[in-house]
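Undergrad: Let me give you the structure first, and then I'll get to my questions.
None of the figures in this text is laboratory data; all of them are computed from the coordinates on show. It should be emphasised that the depicted structure is a prediction, and the values quoted were computed from it without experimental measurement. Because the Cβ atoms are built from the backbone with ideal geometry, glycine has one as well, and the counts that use them run over all protein chains shown.
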Amino acid sequence: MELLGLELLALLIAYTLLYYLVKLDKREPIKKKFGLKEFIISFVFYLTISILDKFLPHSLLFTKLEYISVLFVILIWIRNYELYLYKSNYLKNLYILKIAVLVTYSLVIIFVGYELSALLVASTIYFVISLLIVLKSRYTLEGPVRIIVGTTLLFTPLSLAFFVIFSSTILITLGGAFTILITYFYVQQRRLETDFLTTIPNQNALLRYLERKVKKGLKATVIVVDIENFRQINVRYGLEHGDRLLVNFATFLSHNYEKGRVYRVAGNRFAILLPIKSHNEVVKIVNELQNRTAKGWNIEDFLITFHLNIAIIEIPIHAVELEQIIEVINFTIQEIKQRRRQSALIFNEKMRLLQQRHLDVLTAIKHALVDQSRVITLFQPIYGSYNGKICGSEVLMRLKDPILGLISPFEFIPIAEQSGLITSLTKILTSKVATLIKENADSFSKLEYVSINVTSDDLSSVERARSLINLIKESGINPHKIGIEVTESMLIVANKNWPDVWKMFNDEKIRLMLDDFGTGYSNLETLIEIPFDVIKIDRSIVSSKKNNYQLINLLAPMLHKMDKKLVAEGIETLEQVKVVQSLNIEYMQGYFFSQPLSKEDFLALLQSPISINFD
Ligand code: C2E
Ligand code: CA
Ligand code: CA
């Protein structure tokens, strides 16, 4: 009776797990399923026969079937682990041998009837074969798999012995249910560690692997491959083609580096973990990757090309602990992205110093968020080209740190962006500027506008843009006095919120200014789509003397035709002033007029403004 209860319970468990397994498989297929489904089905078959046999105690057929099903379950049970361990022909031969044993055994049971001895002989053969296989490959097994295979192997002889001695199938039922459960949990864990799109392991898998191996003194070369601007690929070719590209790329990597482990660690980023490689070998791999990528990828009718950023780090030379490894990887990737001309980077001693500086600057930023007097605002005047009078100003930020001294925005802005702290800095700067304008309303009334630099993070959502606008409005100053400088590079990042964001600034009459125009990202479409009031032409264009300032001669009239007001940036010479004036460019800014000034110097300048004499 207890056995029947147990069998019913096991049946329930098996059915439930089978149900979830089938459902999940439809939604999120993974590669290594461990043959769990087949095993559960065979187990259900065995349990059903066993239960029926209890209700029909005199049916010889069911008794015989039960004997056969016991062996059948064991066969499938063990087969799955072997499948996992071996892919060779050798396994196929073994499989044929086992089927032969199963068939002979079934025939003996049906026609001769030495049930027990037949079962014993047949299962002993299975057991010994499987034991040999597992022992041979025990080192290649992952921890949890070793436990599952170990338990299975332990349960098989135990439950058989129990069956022979006590004529009870209780241990077979228990062992089966137990194995199903632990395998199920393991398969679920694998699911969490599998990337569904490419079916290769994901970041969780890499982290868990590193966590386990690093303690044991892992020596490895990690190659992180990052597809640049993947979002652009999605926008240009569509999500479906983007997905196909990722799948093809993942397949290429995992076929090419079978000895290593290939992981998809982020949407557009893969990591290859290899046994330690020499410098030359690393260079060879990087070349291989670049050469293959240069050929492009055929996705249906498209030949998709992209740029790869490759970071290489060595464990344990560059990083010993898991957290360090992650930091070093992230840092190296960020570094490559900033170096436009370099696409592969090996983390080395120089980079370690850079990383240390990076951390120091990050700490300085965090301190400045608390002690806001460390956020310094400088003002660089902007002059009218016709009258030489000061008519506006750009605000430029610095950080003043007691240890590091004055830090340049070229250094701290990218770090603040990467660490998600830029919006806080922008807000601090904005409210400082607004307060200053309010407290010196008279002096500032001489200016048309004061412009603030923002980053894509500051405008990444309608809420963020709104909170920046509110900050300006609530300070009580006229919002039209403020301009927002947006760089061209910001705009290449696709953002579905852009139209709403521009409209919000427009509605409040805050000026929109396009910064660094002509630095290589120029897309004329954005000029039409986004309602910029002012375009700031980059210093490189203004100072490019090629063919008698041909570039600026071409650009200025075009922008004027679009009804834009223009600022010529970075003016250093009188010659440039003359060129700019001849083109009717409205405003000028640069060292020729003034360096960025401290708040005090700027206020003093506003008190007694000097008109620049251009003659
Ligand atoms: P930017 O917005 O293009 O700012 C102009 C930069 O050019 C300033 O450098 C300015 O000092 C410099 N400059 C001005 N006139 C001349 C000139 O005649 N010749 C030369 N060679 N340089 C000139 P700065 O202050 O070091 O700022 C560098 C960059 O840092 C800025 O470029 C901007 O992208 C960023 N930045 C500065 N302040 C902020 C800020 O408050 N927020 C954000 N998000 N970025 C900022
Ligand atoms: Ca600017
Ligand atoms: Ca600029």
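Undergrad: Set the Förster radius R0 to 25 Å, insert the Cβ-Cβ distance between ARG340 and ASN287 as r into 1/(1 + (r/R0)^6), and round the FRET efficiency to 0.05.
TA: Result of the calculation: an efficiency of 0.80.
Undergrad: List the DSSP H helices in the chain whose Cα atoms stretch 20 Å or more along the helix axis and whose mean Kyte-Doolittle hydropathy is at least -0.5.
TA: Membrane-span-like by this criterion, though nothing is claimed about a membrane: 2-27, 36-55, 60-85, 89-107, 115-136, 143-166, 170-192, 239-256, 322-338, 349-370, 422-439, 546-561.
Undergrad: In addition: Can you flag which of LYS536/LYS561; LYS366/LYS400; LYS473/LYS536; LYS546/LYS578; LYS400/LYS481; LYS564/LYS599 are past 18 Å Cα-Cα?
TA: Over 18 Å Cα-Cα: LYS473/LYS536; LYS400/LYS481; LYS564/LYS599.
Undergrad: For each of HIS279, HIS241, count neighbouring Cβ atoms within 10 Å of the residue's Cβ, then give the residues from fewest to most.
TA: HIS279, HIS241
Undergrad: What order, most packed first, do the peptides 441-448, 377-384 have when packing is the mean number of other Cβ atoms within 10 Å of each residue?
TA: Ranked by mean Cβ neighbours within 10 Å, highest first: 377-384, 441-448.
Undergrad: Could you estimate the translational diffusion coefficient of region 432-490 from the Stokes-Einstein equation, with Rh from the Kirkwood formula over C-alpha pairs, at 37 °C and 0.692 mPa s, in whole µm²/s?
TA: So the translational diffusion coefficient is about 268 µm²/s.
Undergrad: Under the Kirkwood approximation applied to all pairs of distinct alpha-carbon atoms, what is the hydrodynamic radius of region 218-288 in Å?
TA: Hydrodynamic radius (Kirkwood, Cα pairs) of region 218-288 is 13.1 Å.
Undergrad: Let me ask you something else. Per DSSP helix of 4 or more residues, -39500 (n - 2.57); summed, then divided by the residues of the chain. What does that give at 222 nm, rounded to the nearest 500?
TA: -19000 deg cm²/dmol
Undergrad: Can you tell me the dipole magnitude for region 203-347 around its Cα centre, using point charges on the Cβ only (Lys, Arg +1; Asp, Glu -1), in Debye to the nearest 20?
TA: Once rounded to the nearest 20, the dipole reads 260 debye.
Undergrad: Separate question: Run the numbers on region 204-334 and let me know its relative contact order in percent, using alpha-carbon pairs under 8 Å that are six or more apart.
TA: Reported relative contact order: 36 percent.
Undergrad: About the Cα centre of the chain, how large is the charge dipole given +1 on each Lys and Arg Cβ and -1 on each Asp and Glu Cβ? Please answer in debye to the nearest 20.
TA: Using Cβ point charges on Lys, Arg, Asp and Glu, the chain gives about 1620 debye.
Undergrad: Can you give me the pair-distance distribution of the chain, C-alpha pairs, 10 Å bins, whole percents?
TA: For the chain, the binned pair fractions read 3, 13, 17, 17, 14, 11, 9, 7, 5, 3, 1, 0 percent.
Undergrad: Under the rule of at least 5 residues apart or a separate chain, name every residue whose amide H is placed under 5 Å from the amide H of GLU448.
TA: GLY392
Undergrad: For every other residue with a beta carbon closer than 10 angstrom to the beta carbon of GLY242, add +1 if it is Lys or Arg and -1 if Asp or Glu, then tell me the sum.
TA: Summing Lys and Arg as +1 and Asp and Glu as -1 gives +1.
Undergrad: Let me check I've understood the local charge: for PRO609, count other residues with C-beta under 9 angstrom from its C-beta, Lys and Arg +1, Asp and Glu -1. What total comes out?
TA: +2
Undergrad: Can you compute the equivalent ellipsoid semi-axes for region 502-595, i.e. the square root of 5 times each eigenvalue of the Cα gyration tensor, sorted largest first and rounded to whole Å?
TA: 23, 15, 11
Undergrad: Report the extension gain between ARG191 and HIS480 in nm, rounded to one decimal, defined as 0.36 nm multiplied by the number of residues separating them, less their alpha carbon distance.
TA: The ARG191-HIS480 span can extend by a further 98.6 nm.
Undergrad: May I ask you to list the trypsin sites (Lys or Arg not before Pro) in region 273-324 that are in a DSSP loop and have at most 15 other Cβ atoms within 10 Å of their Cβ?
TA: Hits after loop and neighbour filter: LYS295.
Undergrad: Can you give the alpha-carbon Rg of region 368-607 over 2.2 N^0.38 Å, where N counts its residues?
TA: Normalised Rg, Cα atoms only: 0.99.
Undergrad: Gain in length, LEU353 to LEU218, computed as 0.36 nm per residue apart minus the alpha-carbon separation, to one decimal in nm?
TA: 46.2 nm
Undergrad: What trypsin sites (Lys or Arg not before Pro) does region 346-395 have in DSSP loop regions with at most 15 other beta carbons within 10 Å?
TA: LYS389
Undergrad: Give me the lysines in straight-line cross-link reach of LYS496: C-alpha distance below 24 Å, same-chain residues under 8 apart excluded.
TA: LYS337, LYS427, LYS509
Undergrad: Now for a different question. Mean separation of Cα pairs under 8 Å and 6+ residues apart, divided by the residue count of region 368-607: what relative contact order is that in percent?
TA: Relative contact order, region 368-607: 20 percent.
Undergrad: Straight-line reach from LYS503: which aspartates and glutamates fall under 15 Å, measuring Cα to Cα and dropping same-chain residues less than 8 apart?
TA: Within reach: GLU463, GLU529, ASP533.
Undergrad: How many nm separate the modelled label positions at ASN547 and LEU158, each set 7 Å beyond the Cα in the direction of the Cβ?
TA: 8.5 nm
Undergrad: Residue farthest toward the positive end of the dipole of the chain, with Cβ of Lys/Arg at +1 and Asp/Glu at -1: which of LEU253, LEU345, PHE379?
TA: Toward the positive end, the furthest listed residue is LEU253.
Undergrad: Under 18 Å between alpha carbons, and skipping anything fewer than 8 positions from LYS277 in its own chain: which lysines qualify?
TA: Here the lysines satisfying the reach criterion relative to LYS277 are LYS213, LYS219, LYS259.
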